[in-house]
Amino acid sequence: MFAESLTEHMLQNGASIREFADAYVETRARLGLPPVPVETIVYARAVEIVAERMRRVDLLTGRDVTAAVRATKAMVRREERQQQFERLIRTVVTHAHRNSARFRVDAEIDYLARTHRGKPRVPVESLVVQLAMQEVFGRVPTNRLTIDDARSVARVAKQRVAMSFQARADAVDERIHRPSVG
């Protein structure tokens, strides 16, 4: 129960606790005290806050607290990774839509160059997503993502971009071929 409360607290208040810890570490450095890792301060403060709110914490051992902190760190990292993953997908898809005309021209040029060199054909949507990812990567935090995550982002973004391009094409096709009323 302590581990669950600690995890919940860190997911809700992790940013503010990290700000507190950063300020604490800076103050220690200004005073000439030995450095302490920010992560240690973050979890010490979180344990202190959660322990104050809970009853019967006197039954917890040091091992219990250590296990709770370890589990919480893993869960927070997993959650941060998932948030970065989803944000990167949204950003790439949005960027691809906003710049679709420019990306389509660049993709068509790349497509022609590939066929001229004898390289295999690649769908235009893949090239659009690749161009969008190249432009977006520096602006979105990705420190928790792996190479496989980036590949998954590209795959999901390509599917979403392809669906939206297809939906637009279908809408245009429907307007062109709609029977006249009257």
* Asked: Per the 1.4 Å probe, what fraction of the accessible area of the chain, in percent, lies on carbon and sulfur atoms?
  -> 53
* Expressed in nm to one decimal, what extension gain is obtained for the pair Arg70 and Thr27 from 0.36 nm per residue of sequence separation less their Cα-Cα distance? -> 12.8 nm
* Asked: Of Leu33, Pro141, Leu6, which is farthest on the positive side of the dipole of the chain, counting Cα position, with +1 on Lys and Arg Cβ, -1 on Asp and Glu Cβ, and the Cα centre as origin?
  -> Pro141
* Enumerate the residues in the range 31-48 having an amide nitrogen under 19 Å from the point lying 7 Å beyond the Cα of Phe20 toward its Cβ. => 36-48
* Structure fact -> Quick calc: nm separation of the 7 Å Cα→Cβ label points for Leu112 and Val140 -> 3.0
* To do: Compute the convex hull volume of the Cα atoms of the chain, divide it by the residue count, and report the result per residue in Å³ as a whole number.
  => 226
* Do you know the relative contact order of the range 88-154, to the nearest whole percent, from alpha carbon pairs under 8 angstrom that are 6+ apart? -> 44
* Asked: At 222 nm, what helix-only mean residue ellipticity would the chain give, in deg cm²/dmol to the nearest 500, using -39500 (n - 2.57) for each DSSP H run of four or more?
  -> -28000 deg cm²/dmol
* Asked: What accessible area per residue, rounded to a whole number of Å², is obtained for the range 43-131 using a probe radius of 1.4 Å?
  -> 67
* Structure fact -> Whole-Å distance linking the alpha carbon centroid of the range 113-149 with that of the range 2-18 is 36
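The values are calculated or read from the model by the stated rules, or taken from the named source; none is laboratory data. These numbers come from a predicted model, not from an experiment. Note that we place each Cβ from the backbone using ideal geometry, even for glycine, and neighbour counts take in every protein chain shown. Keep in mind that these areas ignore ligands, DNA and RNA; they rest on the heavy atoms of the full protein, side chains included. Shrake-Rupley method; radii C 1.70, N 1.55, O 1.52, S 1.80 Å.
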